[in-house]
1. Filter segment 18-34 down to the residues that are in contact with a Ser or Thr (Cβ under 9 Å, 6 or more places away or on another chain) and either farther than 15 Å from Asp73 by Cα or open to solvent by 60 Å² or more (accessible area, probe 1.4 Å) (or both) and list them by number.
2. Return the residue satisfying two criteria in turn: it lies in segment 111-121 and is open to solvent by 70 Å² or more (accessible area, probe 1.4 Å) and assigned to a loop (DSSP other than H, G, I, E, B), and of such residues it is nearest to Ala12 (Cα to Cα).
3. Conditions: (1) open to solvent by less than 30 Å² (accessible area, probe 1.4 Å); (2) more than 12 Å from Val123 (Cα to Cα); (3) under 14 Å from the mean Cα position of the chain (by Cα). Gly92 meets all but one. Number of the miss?
4. Only one of these is of a type outside the set (Phe, Trp, Tyr), open to solvent by 60 Å² or more (accessible area, probe 1.4 Å) and in contact with a Phe, Trp or Tyr (Cβ under 6 Å, 6 or more places away or on another chain): Glu76, Glu61, Glu44. Name it.
5. Residue by residue through segment 1-17, note down the ones that are open to solvent by 30 Å² or more (accessible area, probe 1.4 Å) and in contact with a helix residue (DSSP H, G or I) (Cβ under 9 Å, 6 or more places away or on another chain).
6. Considering only residues that are assigned to a strand (DSSP E or B) and in contact with a helix residue (DSSP H, G or I) (Cβ under 7 Å, 6 or more places away or on another chain), look in segment 79-101 and name the one that is farthest from Val2 (Cα to Cα).
Amino acid sequence: QVQLVESGGGLAQAGDSLRLSCKASGLSLSNFAIGWFRQAPGNERTFVGYLNRSGRRTAYEDSANGRFSISRDNAENTAYLQMNSLKPEDTGIYFCALDRQPLLGAVARTQGEYDYWGRGTQVTVSS
């Protein structure tokens, strides 16, 4: 019933920008905090960024700071990850995830804190 579908990935050159979308169905996005994760080739999923339910608090992994930005459009039930100044190190499968009951004042940085996951969208950045 609940489904998250990521889109917007593709092949980019270093310095380019991409905007990833996460369209949710079967739930109201306004009830969830949003996380984005990346799985680089041969590696585990790692935390990229977070946006709380109110949309007023964000947090990013160090490599994403200053380049990536998470936003949400609750009316469209869609979350976004804007990625600027892309680097080859950004290459991987990007997943969105939703946390229904986040800890107050905390940032969910681990996979186990999230209730729903998308299937991912591939981002490949060449030099």
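The values are calculated or read from the model by the stated rules, or taken from the named source; none is laboratory data. In this text the structure is predicted, and so the values were computed from the model without any measurement. Cβ coordinates were reconstructed from backbone atoms using ideal geometry, including for glycine residues, and neighbour counts include every protein chain displayed. Heavy atoms of the whole protein, side chains included, go into the accessibility calculation; ligands, DNA and RNA do not. Shrake-Rupley method; radii C 1.70, N 1.55, O 1.52, S 1.80 Å.
1. Lys23 - this is the single residue of segment 18-34 that is in contact with a Ser or Thr (Cβ under 9 Å, 6 or more places away or on another chain) and either farther than 15 Å from Asp73 by Cα or open to solvent by 60 Å² or more (accessible area, probe 1.4 Å) (or both).
2. Arg119
3. Result: Gly92 passes all but (2).
4. Numbers: Glu76 fails: in contact with a Phe, Trp or Tyr (Cβ under 6 Å, 6 or more places away or on another chain); Glu44 fails: in contact with a Phe, Trp or Tyr (Cβ under 6 Å, 6 or more places away or on another chain).
Only one candidate qualifies: Glu61.
5. Of everything in segment 1-17, just one residue is open to solvent by 30 Å² or more (accessible area, probe 1.4 Å) and in contact with a helix residue (DSSP H, G or I) (Cβ under 9 Å, 6 or more places away or on another chain), namely Ala14.
6. To start, the set of residues in segment 79-101 that are assigned to a strand (DSSP E or B) comprises 79-83, 92-99.
Okay, now just the ones that are also in contact with a helix residue (DSSP H, G or I) (Cβ under 7 Å, 6 or more places away or on another chain), so 79, 83, 99.
Details: Ala79: 15, Met83: 26, Asp99: 13 Å.
Looking at the filtered set, the residue picked out is Met83.
Table: residues versus (1) aliphatic (A, V, I, L, M); (2) part of a loop (DSSP other than H, G, I, E, B); (3) open to solvent by less than 10 Å² (accessible area, probe 1.4 Å).
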{"residue": "Phe37", "(1), (2), (3)": "no, no, yes"}
{"residue": "Gly49", "(1), (2), (3)": "no, no, yes"}
{"residue": "Gly55", "(1), (2), (3)": "no, yes, no"}
{"residue": "Gly105", "(1), (2), (3)": "no, yes, no"}
{"residue": "Arg109", "(1), (2), (3)": "no, yes, no"}
{"residue": "Val123", "(1), (2), (3)": "yes, no, yes"}
